[in-house]
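See below for the structure under consideration.
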Amino acid sequence: MGGAALLAVAAFMLYGFFRTDASVASPTAIVALLITVALPAAGGVALLRGGRFGGGRARVEKLRQQTIEAEILRLAMQQGGRLTAVEVAAALAMPTESAKATLDGLAEREIADLEITDAGVIVYSFHDARNVGGKHSARGLLE
């Protein structure tokens, strides 16, 4: 909405400039056109494209992924530090494949470890979530 408003301002200013009898060749007119038309137009286009060089969509996707990971960690705390992809998919209302991919990403970053049950079910074990109850016994590194 802000991008469209800036483009409208730029168009209005350009229309006003052409309605005057100012010479386009004068340096003052060129500077005025740049400030009143080009800058709002460039800002409007940037806003419509989602920020600088289309990075808005990437930022939204990164934020979405961080939110999902935070919810998985919260769920791991509730479940004693061990989760399966099916549990994550059910709790977060997402496809099992997406849950598995996110859990695999957490394992690659060494936030979770992979374990397997006797029945062949892959369990993602979150060490910190399993041991959060013992945080009250923490001591300094040099103690």
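Compared with the alpha-carbon gap, the fully stretched path from residue 86 to residue 142 is longer by 16.0 nm at 0.36 nm per residue. Among 137, 23, the order by Cβ neighbours within 10 angstrom, fewest to most, reads 137, 23. Loop-located GluC sites (Glu not before Pro) across the range 14-78 with a Cβ neighbour count of 10 or fewer within 10 Å are lacking, with loop assigned by DSSP. The GNM of the chain, with springs linking C-alpha atoms under 10 angstrom apart, assigns the highest mean-square fluctuation among 58, 41, 22 to 22.
Among 75, 47, 33, the largest mean-square fluctuation in a Gaussian network model of the chain (Cα springs under 10 Å) belongs to 33. The radius of gyration of the Cα set in the chain, together with its Dmax, comes out at 27.3, 86 angstrom. All Cα-Cα separations within the range 2-48 were binned at 5 Å from zero, giving a P(r) of 5, 26, 28, 20, 12, 7, 1, each value a whole percent of the pairs. Grouping the Cα pair distances of the range 62-143 into 10 Å bins from zero gives a pair-distance distribution of 18, 49, 23, 9, 1 percent in increasing distance order.
Show that you can apply the helix-only estimate: for the chain, add -39,500 (n - 2.57) for every DSSP H stretch of four or more residues, divide by all residues, and state [θ] at 222 nm to the nearest 500.
Numbers: 7 runs with 84 residues, N = 143.
Computed mean residue ellipticity for the chain: -18000 deg cm²/dmol.
The slack between residue 119 and residue 132, meaning 0.36 nm per residue of separation minus the straight C-alpha distance, is 1.9 nm. Between residue 39 and residue 64, the C-beta separation translates, for a Förster distance of 35 Å, into a calculated FRET efficiency of about 0.65. Hydrophobic, long helices, defined as DSSP H runs whose alpha-carbon span along the helix axis is 27 Å or greater and whose mean Kyte-Doolittle value is at least -1.0, occur in the chain at 55-78. For residue 80, no residue 5 or more places off, or on another chain, has a built amide H under 5 Å of its own. Note on residue 30 and residue 98: the model spin-label points, each 7 Å out from Cα along the C-beta direction, lie 5.2 nm apart. Taking 40, 27, 95 in turn, the Gaussian network model of the chain (Cα-Cα springs below 10 Å) assigns the largest fluctuation to 27.
A short reminder: the numbers here are calculations on the coordinates, not readings from a lab. Here the structure is a predicted model, which means the values were calculated and not measured. We place every Cβ from the backbone using ideal geometry, glycine too, and count neighbours over all the protein chains shown.
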